[in-house]
Amino acid sequence: MKIHEYQAKQLFRQYGIKTPEGILASSEEEAIKASEKTNFPCVIKAQVHSGARGKAGGIKLAKNIDELKTFSSQIIGMELKSVQTGAESKKVRKVLIEQGIDISKELYLSITLDRASEAAVIIASTEGGMDIEKVASETPEKIIKEHINPVFGIQDYNLKNIAYALDVENKKDFCILLKNLYKLFIDKDCSLVEINPLVITKQNELIALDAKINFDDNALFKHPDIVEMRDPDEENPLEVEASKYSLNYIKLDGTIGCMVNGAGLAMTTMDIIKLAGFEPANFLDVGGGASSENIENAFKLLLKDKNVKAVFINIFGGILRCDVLAEGIKHAISKLDITIPIIVRMEGTNKEQGAEILKTSGLKFSVANNLNEAIILLKNLKTTVH
């Protein structure tokens with residue numbers, strides 16, 4: 001789960017990490033009122049779940065009231081499209097008006113998970129304010145990494161290693177900031193906390209000029225305060241709806257809807273669809289213990305995507321028995337107006353019973369006995385599916 005910059009900065013301040021003074025605004029009038037408290041120059045920052053906002057025109061520096069009016073009216077309501085939004089754009093509904101900062105130096109600082117080492121890792125660089133991916137690609141020697149032992153947590157030597165590598169003059173305050181950042185990372189079950197840039201002012205203060213936090217979805221049940229920060233406007237409506245049914249759903253750009261049980265099987269299924277010459281329309285994992293109701297809700301999600309021209313159901317019957325799946329499919333299709341082709345491949349517990357339920361349902365399915373047959377059935381779909 002992602003949150004906005006202004007929300008991330010609220011959490012930063014709770015953990016003793018200083019940020020610029022800022023006020024949220026959703027109209028030009030509110031932006032003008034906000035500037036009266038922040039004074040000029042002030043920065044107008046689009047609040048959307050995307051990086052590279054500055055390059056996309058979503059961040060402007062206003063030196064006076066006239067520039068504030070012009071820039072705020074341009075940014076609020078704009079369709080922001082950056083390298084991180086992909087083909088789609090994001091509508092800007094609010095901006096953060098912040099006081100200008102007298103910057104002496106810009107750094108990059110983040111903590112994320114390194115799955116290879118199964119530990120949190122601090123990533124830092126003297127090249128703050130730039131695309132960290134570009135820095136890592138073109139000048140990898142400028143990327144500093146420090147792994148944190150998950151048993152002992154962050155230690156003084158971890159803090160000092162980063163402080164000295166960045167050549168920070170005020171090492172004591174930097175170590176306190178980094179320690180607080182790690183505490184936030186652990187306390188809130190984050191998958192990423194990022195400050196880019198972390199600036200050193202001419203008064204030698206450390207200020208988080210930007211803030212980004214991502215959270216582990218699987219730990220959100222422990223953090224109702226974080227869940228309240230969720231902004232449905234920034235997420236795909238189908239993905240938001242899927243979360244209500246405890247379905248793992250990600251929308252993609254293809255035409256073949258997928259329904260599977262298990263993330264690994266989902267990846268394999270998408271490969272099969274591509275092998276057949278099509279593109280998957282989604283990633284949809286109904287889970288190991290899906291009920292008939294789950295199956296019905298999954299179908300509803302698939303059919304709400306207008307790009308879906310056919311559905312491929314690929315299930316391994318373990319915890320979710322094939323007969324339960326078949327009953328769920330039968331029940332869902334009998335209630336829904338489904339006119340697109342449906343290909344079903346089942347394997348595992350009660351496979352024969354499941355196949356019999358589908359064959360005697362009176363509904364139209366294409367049942368594959370194995371993956372090779374499933375590929376053939378996919379290839380035989382009408383060209384209108386593309």
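Any read-out appearing in this document is the output of simple, stated calculations on the displayed coordinates, not a laboratory observation. All values reported here derive from a predicted model rather than from experimental measurement. Note that each Cβ is placed from the backbone with ideal geometry, even for glycine, and that neighbours are counted across all protein chains shown.
For segment 22-100, what's the relative contact order in percent, using C-alpha pairs closer than 8 Å and at least 6 residues apart?
Here the relative contact order equals 45 percent.
For segment 254-322 and segment 5-32, compute the distance between their C-alpha centroids and round to whole Å.
Taking the Cα centre of each part, segment 254-322 and segment 5-32 sit 41 Å apart.
Output the relative contact order of the chain, whole-number percent, from Cα pairs under 8 angstrom with separation of 6+ residues.
Reported as a whole number, the value is 12 percent.
Each residue of segment 167-175 in turn: what ³J(HN,Hα) in whole Hz from Karplus with 6.51, -1.76, 1.60 and θ = phi - 60°, glycine and Pro shown as x?
Result, rounded to whole Hz: 6, 7, 6, 8, 5, 4, 5, 5, 5.
I'd like the Karplus ³J(HN,Hα) series for segment 294-308: coefficients 6.51, -1.76, 1.60, θ = phi - 60°, whole numbers in Hz, and an x wherever there's a Gly or Pro.
With the stated coefficients, segment 294-308 comes to 4, 4, 4, 5, 5, 4, 4, 5, 4, 6, 6, 7, 5, 7, 6 Hz.
Taking 0.36 nm per residue of sequence separation and subtracting the Cα-Cα distance, how much length would be gained by fully extending the chain between LEU61 and LEU113, in nm to one decimal?
Gain on extension, LEU61 to LEU113, equals 15.3 nm.
Output the direction-averaged projected area (hull surface divided by four) of the convex hull of the alpha-carbon atoms of the chain, in nm².
22.1
Assuming a ≥ b ≥ c are the square roots of the Cα gyration tensor eigenvalues, decide whether segment 237-385 counts as rounded (a/c under 1.5), prolate (otherwise, with a/b larger than b/c) or oblate.
rounded
So how far apart, in nm, are the two label points at LYS18 and GLU169 if each is 7 Å from Cα heading toward Cβ?
1.4
Quick one: what are the phi-derived ³J(HN,Hα) couplings along segment 134-146, Karplus 6.51/-1.76/1.60 with θ = phi - 60°, whole Hz, x for glycine and proline?
Using θ = phi - 60°, the values come out as 5, 4, 5, 6, 8, 9, x, 5, 8, 9, 10, 10, 9 Hz.
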